[in-house]
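Asker: Input: one structure, supplied below.
None of the figures in this text is laboratory data; all of them are computed from the coordinates on show. The structure presented is a predicted model; accordingly, all values stated were derived computationally and were not measured. All Cβ positions, glycine included, derive from the backbone under ideal geometry; neighbour counts span all protein chains shown.
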Amino acid sequence: MNTLNNDFDQGYEDAKNLEEKSSCNSNYSKKIVPTLVLAVLIFAGGFYFGLNNQADPFRSVAYYGEDEVVEEEKLDFNLYWEVWDNVKTNYVDKNKIEDKDLFYGSLRGIAESTGDPYTIFMDPVETKEFSDDLAGTFEGIGAEIGLRNDITTVIAPLDDTPAQKAGLRSGDKIYAVDDAPTIGLTITEVVRKIRGEKDTKVKLTIIRGDEKPFDVEIIRGVIVVKSVKTEMRADGVYVLRLSNFNDDTELLFKQAVDDILVKQPRGIILDLRNNPGGYLDTAINIASEWIEDGVIVAEQLNNNRRNEYPARGLARLKDFKTVILVNGGSASASEILAGALRDYRKATLVGETTFGKGSVQALKPLSDGSILKVTISKWLTPAGDSIDEKGIDPNIEVELSVEDVNNDLDPQMDKALEIIKK
């Protein structure tokens, strides 16, 4: 079963190719170790009502054996319909709510009641967005954006996208989207405003340098984002940037390994910063390019069952000096990869403590196109460390400050280069 570390960093929400693979519960099509940025959808509510002579919906029935008393709690599901009818009848704006919203909201409530932020229900629309992100495709303008001095700023327009063709430049400040100001909004909220169906129009109000604000109208298109980017630097250092562990990651990574073997760099920098995760199998296969033998990751399931995933690859990169860059946005599959290479001493970790996403999820496709994502296990590094909620500490801690970002400085990359060149 493919497994995925889904934790959605800002802007990520995904799921695709739900065919069954591997060896977990056959009811589940893909295992995931979620990406961070996936917002947890919560359905919660409270109300008062009084009805005479109502039976207690939580009834306990005792069975007495020779030396035991077994209590079984039975639920009266008529209560569900009582709440449904009460909301539909008495809610002040009852004409504005639809049965579908009530129904999907209640399903979200079931998942949310576990208290686990990674066990969630996604309706068909959310499932489509989830699938698109895992596939590395979405409909929008094709620009990487971030916050600079609390202002939404274009980091870079992607090559051959509507954003680039419309003339957006790195450093452009996005003051408004369709005349709605972006001040005070999160990056995720701005991304949702900018994204939309292909062939539709979005208007961005741009401030460029000291120029007066001006509007740029962009026709949205289908954007394909590669999850692996490579650079062979002039100083002989090979930089591999992994933004996700998505559908395209394994093939692109294998191509990068082939390139490394031809170019024979003096060292490799593997940049996993702000990588929220993805497929577990992909993380294991990538780690296996450094680790020849041994367990890459262990999985602790319910009922005290345990799975171990051994190295699978040729370890073609085992002799290359390697530094891994991590930060608080490195989660799930990123932490599995970083933790394995750390434990086997195949890489030096530089940066900041990782997110701490130490659980595995399985995706269950439902009959109407929805998906249920359920936490089925916790995972451990090869040394037996559970990183859930505490993350992985780097070997060398280097902070990237707001001032560094605003001034286009990267002391973490600088430190990695220094280590490789020693």
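Asker: If you line up the Cα atoms of the stretch 346-422 on their principal axes, what length do they span on each, largest first, in Å?
Answerer: Largest first, the stretch 346-422 extends 54, 34, 21 Å along its Cα principal axes.
Asker: Using the per-residue mean of other Cβ atoms lying within 10 Å as a proxy for protection, in what order, highest first, do the peptides 252-258, 317-323, 405-411 fall?
Answerer: Packing order, densest peptide first, comes out as 317-323, 252-258, 405-411.
Asker: Moving on to the next point. To the nearest 20 Debye, how big is the dipole of the stretch 137-224 about its Cα centre, given +1 on the beta carbon of each Lys and Arg and -1 on that of each Asp and Glu?
Answerer: Using only the charged Cβ atoms, the result is roughly 20 debye.
Asker: Convert each backbone phi in the stretch 200-215 into a coupling constant with the Karplus relation 6.51 cos²θ - 1.76 cosθ + 1.60 (shift: θ = phi - 60°), then list the ³J(HN,Hα) values in order as whole Hz, x for Gly and Pro.
Answerer: For the stretch 200-215, the Karplus-derived couplings read 9, 9, 10, 10, 10, 9, 10, 10, 10, x, 9, 6, 6, x, 9, 9 Hz, x marking Gly and Pro.
Asker: Separate question: Kindly rank 95-102, 199-206 from highest to lowest mean number of other beta carbons found within 10 Å of each residue.
Answerer: 199-206, 95-102
Asker: Please report, in whole Å³, the volume per residue of the convex hull around the C-alpha atoms of the stretch 137-224.
Answerer: Cα-based convex hull of the stretch 137-224, divided per residue, equals 81 Å³.
Asker: If amide H atoms are built 1.01 Å from N in the plane of the peptide, which residues on other chains or at least 5 residues away come under 5 Å of the amide H of residue 294?
Answerer: Distant-sequence amide H within range of residue 294: 311.
Asker: What are the extents of the Cα atoms of the stretch 349-391 along their three principal axes, in Å, largest first?
Answerer: Principal extents (Cα only, largest first): 44, 22, 15 Å.
Asker: Can you give me the long-range amide H partners of residue 322? Hydrogens built in the peptide plane at 1.01 Å from N, cutoff under 5 Å, separation of 5 or more residues or another chain.
Answerer: 268, 348
Asker: Here is a further query. Can you list residues from other chains, or at least 5 along the same chain, whose modelled amide H is less than 5 Å from the amide H of residue 175?
Answerer: 205, 206, 207
Asker: While we're here: If only Cα atoms are counted, what is the Rg of the stretch 67-179, and what is its Dmax, in Å?
Answerer: 23.2, 79
Asker: ³J(HN,Hα) across the stretch 79-94 via Karplus (A = 6.51, B = -1.76, C = 1.60, θ = phi - 60°), whole Hz, x for Gly/Pro?
Answerer: Taking θ as phi minus 60°, the curve returns 4, 4, 6, 4, 5, 3, 5, 5, 5, 5, 8, 10, 4, 4, 10, 4 Hz for the stretch 79-94.
Asker: Shifting gears a bit: Among 244, 257, 268, whose Cα sits farthest toward the positive end of the charge dipole of the stretch 232-295 (+1 at Cβ of Lys/Arg, -1 at Cβ of Asp/Glu, about the Cα centre)?
Answerer: The residue sitting farthest along the positive end of the dipole is 268.
Asker: Sticking with this structure for a sec: I need the GluC sites (Glu not before Pro) found in the stretch 185-261, filtered to DSSP loop residues with at most 15 other beta carbons within 10 Å of theirs.
Answerer: When the GluC sites (Glu not before Pro) of the stretch 185-261 are filtered for loop state and at most 15 Cβ neighbours within 10 Å, 197, 211 remain.
Asker: Also, I was wondering about something else. Along the stretch 134-146, what does the Karplus equation 6.51 cos²θ - 1.76 cosθ + 1.60 (θ = phi - 60°) give for ³J(HN,Hα), rounded to whole Hz, x for Gly and Pro?
Answerer: Values, residue by residue: 5, 6, x, 10, 7, 10, x, 10, x, 9, 7, 10, x Hz.
Asker: Looking at the stretch 329-422, which chymotrypsin sites (Phe, Trp or Tyr not before Pro) are in a loop (DSSP not H, G, I, E or B) and have at most 10 other Cβ atoms within 10 Å?
Answerer: Listed in order of number, the matching sites amount to none.
Asker: Return the Rg/Rh value of the stretch 232-294, two decimal places, where both radii are evaluated on C-alpha atoms and Rh is the Kirkwood radius.
Answerer: 0.97
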